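The values are calculated or read from the model by the stated rules, or taken from the named source; none is laboratory data. Computed from a predicted model, the values in this text were never measured in an experiment. When we count neighbours, we look across all protein chains shown, and the Cβ atoms used for this are built from the backbone with ideal geometry, even at glycine. We work out accessible area using only protein heavy atoms, side chains counted, and drop any ligands, DNA or RNA first. Shrake-Rupley method; radii C 1.70, N 1.55, O 1.52, S 1.80 Å.
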Amino acid sequence: MPNRSDVRSAPAGAGAGPGRWRGVALLRREADFRRVYLSQLISLGGDWFAMIPLLTLLERLTGGALWGALVLAADTLLIAALSPWAGVVVDRVDRRRLMIACDLVSAGFVALLFLVRTGSTAWVAVVALGGVAAVKAFYGPAVNAATPNLVPAEDLLTANALSGAVWGVMLAVGASLGALAAALVGTGGCFAIDVLSYLGSAALAHRIRGDCGGGGGRPGGGVRADLRETLAYARRERRIAALLACKPATGLGNGVLALFPVLGPAAFHVGPTGVSLLFAARGAGALLGPLAGRALLAGHPERLRGAVLSAALTFAGGYALFAVTSWFPLAVLLVVTAHVGGSMNASLSSYGLQSVTTDAVRGRVFSIDFMLFSLALGGSQLAAAGLGGVVEPPTAVLCLSGAVLGYSALWWTRSGALRVPGRPKTARDGAPAEP
């Protein structure tokens, strides 16, 4: 197989205008990246368009938050369980075809939600969202691994900011409109929109013409051999280990989302619209975080270590204050603040990983990244469900924010490898790139 540059070379003039936001220009110039971006946009929008009505439906059918928490936990724990195998697949097969297949299978799983009609069928929601999560274990690393092949090297930070922001945009839009859409077209209508969004996403991925990478795994190697190779690579390149440990910091606190349906009426005296607003606030923060991270790091890669730590501390502090306020407008603002930190942490760590990994192992590295974050998130969601049954919800939020703070302090003491300064360089022929 011919050698491939791990990060595309920039065309002449692509780097003009340092300090300016070049996101729109990048989307206009790079058609394949634009298709991937729009593909994520519509599928994520459909997901959140359906998720808020689903959580509300489950609470109404079952009379509690348990099934909603199980849905959210299934969404993350299955990703964690499948990620080691997913990474091998992402590196061995054509990533474009894999993204298309993921979208089509996800549409089929979402269609199962039409069967959730009574409390006795709540388990179907867990199966359906678990199936979608299983597919995400492949789709997310495929997109992250393909991105450096679709954009010029010096636009990689901008591409990460855009990809992180798209999640926030559609969470904010989907969560804001979810309750309204359920009132207008019904919960089933929201599920139908989600199915159509996956089909549209598959159509966009089908139009990608560039090389997304993949297909480079050893024909005779097994999953264990590929994973051993990846772990050995991470041991040699200590910055990869430090970057892989970034995202679990905020994952440990994200279980608070499972408490939103309970906190809305109990702590803030708001109904489903208020709960949707809390999720929308999370999306607004997720939109702003990658943009803030790009502004902070652009031209100063030596700031990466301090930036990801400050992002995690912002997340922990935002939710600690959220737990002790009773004024709903302030609570919404604090959720925004917390998730500015959370999404900044995720975006910058992804950028770092894309900068220091080669294409041959990038899918496996991002699958491990996805797995570690998902384990932290799923554990946090289960902890939230357990804590919600023995302490008041605000106290549970404080416990989760404390876990983030403690983990962040530990990470700082073990992440000295990220002190190495320098700009990202293209990695070729298996040689690690310098960030």
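Scan segment 76-156 for trypsin sites (Lys or Arg not before Pro) in coil per DSSP, keeping those whose Cβ has at most 16 other Cβ atoms within 10 Å, and list them by number.
Arg117
Between Arg97 and Ala183, take the C-beta separation as r, use R0 = 35 Å, and let me know the FRET efficiency to the nearest 0.05.
0.35
What translational D, rounded to a whole number of µm²/s, comes out for segment 199-323 from Stokes-Einstein when the hydrodynamic radius is the Kirkwood one over Cα pairs, at 37 °C and 0.692 mPa s?
174 µm²/s
What helices in the chain pass both tests, a Cα length along the helix axis of 18 Å or more and a mean Kyte hydropathy of -0.5 or higher, using whole DSSP H runs?
Both cut-offs are met by 31-62, 66-92, 95-111, 122-150, 156-206, 272-297, 304-323, 328-356, 359-388, 393-414.
When the Kirkwood radius is taken over all Cα pairs of segment 281-345, what Stokes-Einstein diffusion coefficient follows at 20 °C and 1.002 mPa s, in µm²/s?
D = 183 µm²/s.
On the protein heavy atoms, probe 1.4 angstrom, tell me the percent of accessible surface of the chain carried by carbon and sulfur.
66 percent
Measuring with a 1.4 Å probe in the full set of protein chains, what accessible area per residue, in whole Å², belongs to the chain?
39 Å²
Can you send over the solvent-accessible area of Ile42, 1.4 Å probe, protein chains only, in Å² to the nearest 10?
The value for Ile42 is about 60 Å².
With label points built 7 Å along Cα→Cβ from the Cα atoms of Leu296 and Arg28, find their separation and express it in nm.
Going by the 7 Å Cα→Cβ label model, 3.0 nm.
Quick one, can you get me the convex hull of the C-alpha atoms of the chain expressed as volume per residue in Å³?
127 Å³
Kindly provide the helix-only [θ] at 222 nm of the chain, computed as the sum of -39,500 (n - 2.57) over DSSP H runs of four or more divided by all residues, to the nearest 500 deg cm²/dmol?
-26000 deg cm²/dmol
Within segment 133-157, list the residues whose amide N lies under 19 Å from a label point set 7 Å along Cα→Cβ of Leu115.
It comes to 133-135, nothing else.
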